[in-house]
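Each remark here refers to the structure printed beneath this line.
Just so it is clear, none of the values below were taken in a lab; they were calculated from the coordinates. This is a predicted model, so every value here is computed, not measured. As a convention, Cβ positions derive from the backbone with ideal geometry for all residues, glycine included, and neighbour counts pool all protein chains shown.
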Amino acid sequence: MSMHIFGYEATEEKAENARLSSFVGALALGDLSIQLDNAAAKILVNISKIQDDEVGDGTTSVCVLAAELLREAEKLIAMKIHPQTIVEGYRVASIAALAALEKAAVDHASDAAQFRQDLFNIARTTPSSKVLSQDKDYFANLAVDAVLRLKGSTDLEHIQIIKKVGGKLTDSYLDEGFILDKTNAVNSPKRIENAKILVANTSMDTDKIKVFGARVTVDSTGKLAELERAEREKMKAKVDAIAAHGINCFSLLAEKGIVVIEHADFEGVERLSLVTGGEIASTSDRPNLVKLGKCDFIEEIIIGEDNLIKFSGVAAGEACTVVLRGSTNQMVDEAERSLHDALSVLSQTVKETRIVLGGGCSEMFMSCAVEEAARKVKGKKAIAAEAFSRALRQIPTILADNAGYDSSDLVARLRAAHYEGQSDVGLDMNQGTIGSMRQLGVTESYKLKRQVVLSASEAAEMIIRVDDILRATPRKREAV
């Protein structure tokens, strides 16, 4: 149907067509063929962004579950069940699912060794990259060590990641303190102890004559020498003003025994300020007002063929640097992406310490709990709640399909095991069978799983409620 809104032509889709259009867009995204002019597809993209911001992982899970909930809703609408009834049934189901998930969660925060093992298991299951599959235990340990250094903080800014091509993936390592991917200026001391650091974003060459297109005319070489001397005096005064801070690390001050770091990029400067506790100074005229950074010692180190600067014993004691090695740029980039996902989930798990079992176990546990809850619901709402249960079962089904196994057989066996009370059974993807996820150590973050169910059911509800879509057509260009 065509109409005019504020003088522009627009199209309107009502009721069944609007809802169908929403479902098609969302299901297309669930099947990973993206079509972003569709309002519903945009909702799924937004929930995956929220998932990423909240937990740092689980973006695929949240889209897949939302798409499955919509697939089920589409069938229910075809059976003439009202969208409002579907939403009410889904709400009953999601409350039952989340209650079951909370009941299944365990917390080992009081047992340091067991908690570290939980974190290690989560880190092993997080990297989806094929590149890291051979070395996932190595990287899991790296990620766990880095996050435990944060002592409960979720500020990943304290973990610096430096990528250096060369060597193999297992040459990557964790180093305490902060490493700056820069070199000391010529003639700077190579190592200083009890460093007092001035972090500045002021440049040192502002006193030179730098007016665009300026011409300075002098009538003798003596006058030129005078100009140069004046510039030099200005620079010397600036150096003296900076040295007056009582520091031993800055830039351009080697002759005063001060370590010089030139051209530190802005991110490097900001992070250096964060971990050493120094404020970024924009002027050198007021040394009494500037808060200096501190660390035990600064030294030049070599990684591969490059010189870098290492700050040890920094004010933020939890700061550390992960140096990633690998034979190619692509490999090192992939390692960084996987490590970032693992660090995000682990830092959230250190805060919300409960864990649940992976491998489709939690989804099947929730699915069974929803089916139990559906039996107590009267009317068509019960049919919607059962549909929610089927959508949850699709997660282990997709897991098995992606691994190339017979999903209908495996998921039927998995469901039977849960109904027999074996609530720790999930899919053993190495053997292509079902097994105890607790014994196999397939662990996931409770917060991640909870957020997936919350976000997916919210998104599905939002899309099911759509009953009118207005689309403005692009403005036509007027003929000149």
Per DSSP, loop trypsin sites (Lys or Arg not before Pro) in region 310-417 with at most 12 further Cβ within 10 Å | Arg375, Lys376, Lys378
Residues Arg438 and Asp406, FRET efficiency given R0 of 35 Å [Cβ-Cβ distance, rounded to 0.05] | 0.90
Just grab the label-to-label distance for Asp306 and Val45, each label 7 Å out from Cα along the Cβ direction, in nm (one decimal).
-> 3.3 nm
Between Glu226 and Arg375, what is the label-to-label distance in nm when each label sits 7 Å out along the Cα-to-Cβ direction?
-> 10.3 nm
For Phe297, residues with placed amide H under 5 Å, excluding near neighbours = Asn194, Ala195, Ser312
For the residue pair Asp240 and Asn141, what label-to-label distance in nm results when each label sits 7 Å from Cα along the Cα-to-beta-carbon direction?
-> 5.6 nm
Long-range amide H partners of Gly166 with built H, under 5 Å | Gly326, Ser327, Thr328
Dipole magnitude (debye, nearest 20) for region 369-471, charges at Cβ of Lys, Arg, Asp, Glu = 420 debye
Report the local net charge at Val92: Lys and Arg +1, Asp and Glu -1, summed over other residues whose C-beta lies under 10 Å from its C-beta.
-> +2
With DSSP loop assignment and no more than 10 other C-beta atoms within 10 Å, the GluC sites (Glu not before Pro) in region 289-382 are Glu305
For Met366, Met429, what ranking results if the residue with the fewest other Cβ atoms within 10 Å of its Cβ goes first?
-> Met429, Met366
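Give me the net charge of Gly278's neighbourhood, meaning all other residues with Cβ under 12 Å from the Cβ of Gly278; Lys, Arg count +1, Asp, Glu -1.
That sum, taken over residues with Cβ under 12 Å, equals +2.
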Dimensionless Rg ratio for region 396-443, taking C-alpha atoms and the 2.2 N^0.38 Å reference = 1.04
